[in-house]
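Contents: one structure, followed by commentary.
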Amino acid sequence: MIAESLAALYPAHLETLIARATVALERGGFDHLLVPSGTLHYQVFDDRDYPYAANPQFKHWVPLVRNPGSWLAFTPGERPKLVYLQPRDYWHVVPEAPSGYWAEHFDIAVIRKPDDALQHLPRNATRCAILGEPQSALGRYGAFAPNNPQPVLDYLEYHRAYKTPYEIAMMREATRRAVRGHRAAERLFRAGASEFGIHLAYCQAVGQDANELPYGNIVALDAHGAVLHYTELDRVPPKSVRSFLLDAGASHGGYAADITRTHAMDRGSEFQAFIDAVERAELELCGKVRAGMDYRQLHLDAHIALARVLEDFGFITCGAEEAVATGLSSSFFPHGIGHGLGLQVHDVAGFAASDAGGTIDKPQGHPYLRLTRELAPGMVVTIEPGLYFADMLLEDLKAGSNAGRVDWNRVEAFRSYGGVRIEDNVVCTDGEPVNLTREEFAAGSA
């Protein structure tokens, strides 16, 4: 069913990319767009390669994520061309011949060696906008590739924020996988598994190994939940497990899902009530993902909402507005409310003022916000408020001017739980926002 849906949606997606690429080439003064899929990188003084990651500009056109050495070529007025590397190799599994709902829309040239691509690419490299990494330089393109011309990148990356219906469908499928993994991980947590064991169970449920996931799983038990990007994966569980924070996603055809959930071992505990309060705030913020909403304001709204949670639970002794005005809330909520999502977990052009470049500044005092644009239909963003009891931040807080606004005994009682983060992936539309994460969790429980 998903393949049929994607087949129906893909032609319009491709037409959108063709239209964007045509304008981008005009902006840059080029005749052709070339996008290498990327190449393998090898570790210094070794013959081991780093995990391959497809060029996002490449997988925007075709859902190929395990095909180094291939190229996408587009000339306005012509069918796009895929130069597809299918080497003769008895050491490794050779990619299958290109096929699927997308293949009929391309002129496809199959090559056996990377250098064979040259005969299928435009002869005049100086007239090509070539988007990729330095290692993709090839033959006569060595002096020019990748040139990554800024006007072309500015235009394409800015408009990548507006997802086509095909892209939303791809992200739904990534979400379906991720939700399945989250359910499996929670079962393992409640069974007393270690972080490493939970991670393995997640990968098994998702059907992807660590290198296929869009980012490294954050699997944090107890106080480890206070480390925003905790990835150590202890092999032995704590003697007494209290809490579990899982920030883990999945991929589909190069598109990402990014989901976080926090669980209390004791569902009747005060920590569970704390989780519930953060989740209520999170859902309210998800509802604000509307066309015309300034994402910077959404971030500031999150600080007020979370400061009220801190006030309600007695962690701070001042009002929410004062906590935000004095910077106190940032000691418990030190990151941004979220970011753009799509071909990359932290999607590009989050600060772009327009498709011609420029920057929209972050709010003063909020250096870690990753998106400052006004929301518009087609944008997909994460909403991920969190409150943490991080030792380093608490030490700085205790030594600063806001120390008297904190009930330290109350904070100490919660330090062993680490923290709470709830994250959903939300689509901005012409009307009500679409919460991909909640929809899939609801479907899985039906």
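The values are calculated or read from the model by the stated rules, or taken from the named source; none is laboratory data. From a predicted model like this one, the values you see are computed outputs, not experimental measurements. For neighbour counting, all protein chains shown are included, and Cβ atoms are generated from backbone atoms with ideal geometry for every residue, glycine included. These area figures cover heavy atoms from the full protein model, side chains too; ligands, DNA and RNA do not enter into them. Shrake-Rupley method; radii C 1.70, N 1.55, O 1.52, S 1.80 Å.
Quick rundown of the values:
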{"read-out": "Residue match in region 117-124 (condition: touching a Gly at 6+ places or on another chain (Cβ under 8 Å) and over 30 Å from Glu167 (Cα atoms))", "value": "yes"}
{"read-out": "Answer residue from region 221-259, given it is within 21 Å of the chain's Cα centre (by Cα) and free of Cβ contacts under 8 Å to residues at least 24 places away in the same chain and is most open to solvent (accessible area, probe 1.4 Å) among those", "value": "His229"}
{"read-out": "Qualifying residue in region 348-358 (condition: touching a residue at least 24 places away in the same chain (Cβ under 8 Å), open to solvent by less than 10 Å² (accessible area, probe 1.4 Å), in a loop (DSSP other than H, G, I, E, B) and farther than 27 Å from Leu64 by Cα)", "value": "no"}
{"read-out": "Selection within region 203-220 - in a helix (DSSP H, G or I), more than 19 Å from Met171 (Cβ to Cβ) and under 18 Å from the mean Cα position of the chain (by Cα)", "value": "Cys203"}
{"read-out": "Filter result (among the hydrophobic types (A, V, I, L, M, F, W, C) and farther than 16 Å from Val219 by Cα) within region 231-256", "value": "Ala256"}
{"read-out": "Matching entry among Ala97, Ala125, Ala145 (being open to solvent by 40 Å² or more (accessible area, probe 1.4 Å), of a type in the set (A, V, I, L, M) and at pLDDT below 95)", "value": "Ala97"}
{"read-out": "Total residues in region 3-38, condition open to solvent by 40 Å² or more (accessible area, probe 1.4 Å) and either among the charged types (D, E, K, R) or at pLDDT below 95 (or both)", "value": "7"}
{"read-out": "Lone unmet requirement of (1) part of a helix (DSSP H, G or I); (2) crowded, with 19+ Cβ neighbours inside 10 Å; (3) touching a helix residue (DSSP H, G or I) at 6+ places or on another chain (Cβ under 8 Å) for Thr262", "value": "(1)"}
{"read-out": "Residue match in region 333-346 (condition: of a type in the set (A, V, I, L, M), in the same structural domain as Glu167 (by the TED database) and free of Cβ contacts under 8 Å to residues at least 24 places away in the same chain)", "value": "no"}
{"read-out": "Residue match in region 109-117 (condition: assigned to a loop (DSSP other than H, G, I, E, B), crowded, with 21+ Cβ neighbours inside 10 Å and more than 30 Å from the chain's Cα centre (by Cα))", "value": "no"}
{"read-out": "Top-ranked residue of region 332-375 - restricted to ones that are out of contact with any Phe, Trp or Tyr (no Cβ under 9 Å at 6 or more places or on another chain) and among the polar types (S, T, N, Q), ranked as farthest from Pro165 (Cα to Cα)", "value": "Gln364"}
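Okay, residues lined up against (1) free of Cβ contacts under 8 Å to residues at least 60 places away in the same chain; (2) farther than 16 Å from Ile259 by Cα; (3) part of a helix (DSSP H, G or I):
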{"position": "Tyr166", "(1), (2), (3)": "no, yes, yes"}
{"position": "Met170", "(1), (2), (3)": "no, no, yes"}
{"position": "Glu173", "(1), (2), (3)": "no, no, yes"}
{"position": "Phe189", "(1), (2), (3)": "no, yes, yes"}
{"position": "Ala193", "(1), (2), (3)": "yes, yes, no"}
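For every residue, the table says whether it meets (1) acidic (Asp, Glu); (2) in a helix (DSSP H, G or I); (3) in contact (Cβ under 8 Å) with a residue 40 or more places away in the chain.
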site	(1), (2), (3)
Arg280	no, yes, no
Leu285	no, yes, yes
Ala291	no, no, yes
Asp301	yes, yes, no
Glu311	yes, yes, no
Cys318	no, no, yes
Glu321	yes, yes, no
